[in-house]
């Protein structure tokens, strides 16, 4: 059995025997004190206290109905943040949404509107601080159900993200796009091996640009028929998180059962990540969908709330309803697209594919790999 052309070039089928070398210890602490308290405390300031203070300040110059509308906007953003708490990299987006709700209520109040505009910048930055605190390196991350990101190689926009049930190689945005992130289900992880790269090299990915490997520490992950070798700063920490989450990960849904279905899924996923197709902009607008959806949805909901409270003219009914419908359409379409893309990311290899290189732990699948003892 051989690999199909769409995933070539593939690594060699058989590796070479190598002798383990001594590895360096991890620099990460066993735990980060008060990790959750500090992260959610800073997040609450960015998403609740500052936006809500702006809304309540509007009571000095506006009717109660406008303030209620602002409270609704902040409440929606806060609810989204709490529901999405496992993904700290998106906290800044929720903070921006809450700050915009507070700023919108104060648009007619000078000079408070200037303070509100400063908060639109400051709140996402505070949420970013909370994100970094929540994901600060520490072996207790293995026990926390939160997405963790690691830089995987230098000078390229790529990251290794470890989620609750899967690990993702996020390939970043490259010229023209068309490169689908690759993921492996953590439930299928056979082993996560510590090691290092000697002399540099590269590791191919099915149907995507190869990962450049720099001399230094790295981790090797084997899951099912798939295999990754990536540079990471602290392979002991990465391996510990992978091993612990593998024991509690949920099994992922099965993929396409035949080659034609796999081709159709990959073709669709590639189209969603392509910036330009045939000289025209892609119709997917992946980044704009959640921004437009949540922004219009919250604004429409605020307008309808203000209308119900009797503080706006009758003409705002259609405007608020239209914004809410448009926002809902974009949010639903984004969720559907994201769900299918997540499914496609797990299908980098077609059904019944042979192993991606030598999967034996005692051999090196690439000449530059050296396991640690």
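The values are calculated or read from the model by the stated rules, or taken from the named source; none is laboratory data. Because the structure is a prediction, the values reported are computed rather than measured. Glycine gets a Cβ as well: all are built from the backbone with ideal geometry, and neighbour counts include every protein chain shown.
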Does residue 220 satisfy the condition of being on the phi < 0 side of the Ramachandran plot and in the same structural domain as residue 358 (by TED's automatic domain parsing)? yes
Requiring at least 3 residues that are within 22 Å of the chain's Cα centre (by Cα) and closer than 19 Å to residue 298 by Cβ, the helices (runs of 4 or more DSSP H) wholly within the stretch 37-131 are 64-83, 91-105
Taking the stretch 76-94 and keeping only residues that are closer than 14 Å to residue 293 by Cβ and in contact (Cβ under 8 Å) with a residue 60 or more places away in the chain, one is left with 76, 77, 80, 93
Going through the stretch 223-232 in order, the residues found to be out of contact with any helix residue (DSSP H, G or I) (no Cβ under 7 Å at 6 or more places or on another chain) and either within 17 Å of residue 369 (Cβ to Cβ) or outside the structural domain of residue 188 (by TED's automatic domain parsing) (or both) are 226, 227, 228, 229, 230, 231
Based on what the data block shows, is residue 213 in the same structural domain as residue 246 (by TED's automatic domain parsing), modelled with pLDDT of 90 or more and buried (at least 17 other Cβ atoms within 10 Å of the Cβ)? yes
Going through the stretch 13-36 in order, the residues found to be part of a loop (DSSP other than H, G, I, E, B), in contact with a strand residue (DSSP E or B) (Cβ under 7 Å, 6 or more places away or on another chain) and under 30 Å from residue 353 (Cα atoms) are 15, 18, 20
Restricted to the stretch 13-36 and to residues being more than 28 Å from residue 142 (Cβ to Cβ) and surrounded by 12 or more Cβ atoms within 10 Å (Cβ to Cβ), the residue farthest from the chain's Cα centre (by Cα) is 16
Here the residues within the stretch 242-294 that are modelled with pLDDT of 90 or more, surrounded by 15 or more Cβ atoms within 10 Å (Cβ to Cβ) and farther than 29 Å from residue 86 by Cα are 262
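Condition check ((1) touching a residue at least 12 places away in the same chain (Cβ under 8 Å); (2) crowded, with 19+ Cβ neighbours inside 10 Å; (3) closer than 17 Å to residue 224 by Cβ) across all residues:
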{"position": "303", "(1), (2), (3)": "yes, yes, no"}
{"position": "306", "(1), (2), (3)": "yes, yes, no"}
{"position": "309", "(1), (2), (3)": "yes, no, no"}
{"position": "324", "(1), (2), (3)": "yes, yes, no"}
{"position": "333", "(1), (2), (3)": "yes, no, no"}
{"position": "336", "(1), (2), (3)": "no, no, no"}
{"position": "360", "(1), (2), (3)": "yes, no, yes"}
{"position": "364", "(1), (2), (3)": "yes, yes, no"}
{"position": "367", "(1), (2), (3)": "yes, no, no"}
